[in-house]
Amino acid sequence: MAVFGFPRDLLALPPGSADRVTAVPIAADQGTGALASPVLRRVVLDLETYRPASAARLSTVMMDLVTTAVAERAGHAESLQIESRERTLLLRIHAFIEQNLGETDLSPGIVAAAHHVSVRYLHRLFEAQDTTVAAWIRQRRLERCRRDLADPAFIAVPVSAVAARWGLPDSAHFSRLFRRVYGLPPAEYRRGFFTSVA
């Protein structure tokens, strides 16, 4: 069991809201609890590896998740500060994108519909992160491909199959994107990686 402690005033909730959910379980299989649970477990496992600046940012994200989970359980989700709601929504959106990277039709419209927000609002959330929805999806797909290309378990898998697995079925397009980001075509990156490891 892991125990997390924090000052009560960091829970940005109306007075008395947290009292109603003291010693009450918050489901880890639905709502924000489903997002918070694996993140909290990961924090426990990696606690010693975070740099101070990263830990400070992570603590803000964690407090948003915990506050939102408690607010949902107490029936006060609408009382959360807009910044906290938006950060939590963005975390949910990032998780959704990560789970659906292999879907070739993953688009801003699909992401927005899955979260019951307008495409315009979705774009505004990503603008605050200095990126776009499409750029975020592309970056995450390329990173997943890069990891697979560097993974010995996938050495026999053709480069085109790795790309298609992560929603990039056009080999030529994938090769251009990969080269632009990582400086080498994907096949050459893979060869260089395993040559340097050997």
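The values are calculated or read from the model by the stated rules, or taken from the named source; none is laboratory data. The model shown is predicted, which means the values in this text are computed figures rather than measured ones. Every residue, glycine as well, gets a Cβ built from its backbone with ideal geometry; the counts of neighbours run over all protein chains shown. Just so you know, the surface numbers come from the protein's heavy atoms only, side chains and all, with ligands and any DNA or RNA stripped out. Shrake-Rupley method; radii C 1.70, N 1.55, O 1.52, S 1.80 Å.
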Which ones in the range 185-198 are within 16 Å of Arg144 (Cα to Cα) and free of Cβ contacts under 8 Å to residues at least 40 places away in the same chain?
Pro185, Ala187
Can you find, within the range 32-48, the residue that is nearest to Glu98 (Cα to Cα) among those that are touching a residue at least 24 places away in the same chain (Cβ under 8 Å), open to solvent by 40 Å² or more (accessible area, probe 1.4 Å) and more than 14 Å from the chain's Cα centre (by Cα)?
Arg41
Residue pairs meeting the criteria (Cβ under 8 Å; at least 6 apart or on separate chains; first assigned to a loop (DSSP other than H, G, I, E, B), in the range 140-163; second hydrophobic (A, V, I, L, M, F, W, C) and open to solvent by 20 Å² or more (accessible area, probe 1.4 Å))
Ala150/Phe193; Ile155/Phe194
Would a scan of the range 49-61 turn up a residue that is open to solvent by less than 50 Å² (accessible area, probe 1.4 Å), at pLDDT below 80 and more than 29 Å from Val181 (Cβ to Cβ)?
no
Return the residues of the range 96-125 that are assigned to a helix (DSSP H, G or I) and in contact (Cβ under 8 Å) with a residue 12 or more places away in the chain; say none if nothing qualifies.
Phe96, Ile97, Glu98, Pro108, Val111, Ala114, Leu122, His123, Leu125
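Report whether or not Tyr182 is among the aromatic types (Phe, Trp, Tyr), open to solvent by 60 Å² or more (accessible area, probe 1.4 Å) and either over 23 Å from Phe96 (Cα atoms) or over 22 Å from the mean Cα position of the chain (by Cα) (or both).
Spelling it out, Tyr182 is indeed among the aromatic types (Phe, Trp, Tyr), open to solvent by 60 Å² or more (accessible area, probe 1.4 Å) and either over 23 Å from Phe96 (Cα atoms) or over 22 Å from the mean Cα position of the chain (by Cα) (or both).
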Subset of the range 22-39 (residues that are in a helix (DSSP H, G or I) and in contact with a helix residue (DSSP H, G or I) (Cβ under 7 Å, 6 or more places away or on another chain)):
Gly31, Thr32, Gly33, Leu35, Ala36, Val39
Exception for Leu168 within (1) open to solvent by 60 Å² or more (accessible area, probe 1.4 Å); (2) assigned to a loop (DSSP other than H, G, I, E, B); (3) hydrophobic (A, V, I, L, M, F, W, C) falls at (1)
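I need the full set of residues from the range 110-156 which are among the small types (Gly, Ala, Ser) and under 18 Å from the mean Cα position of the chain (by Cα), in order please. Explain how you work it out, then say what you get.
From the range 110-156, those among the small types (Gly, Ala, Ser) are 112-114, 118, 128, 134-135, 150, 153, 156; that's our starting set.
Passing the criteria: Ala112, Ala113, Ala114, Ala128, Ala134, Ala135.
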If Ala113 passes every condition in (1) at pLDDT below 90; (2) open to solvent by 60 Å² or more (accessible area, probe 1.4 Å) but one, which one does it miss?
(1)
Would you confirm whether or not the range 7-22 contains a residue that is modelled with pLDDT of 75 or more, more than 20 Å from His115 (Cα to Cα) and open to solvent by 70 Å² or more (accessible area, probe 1.4 Å)?
no
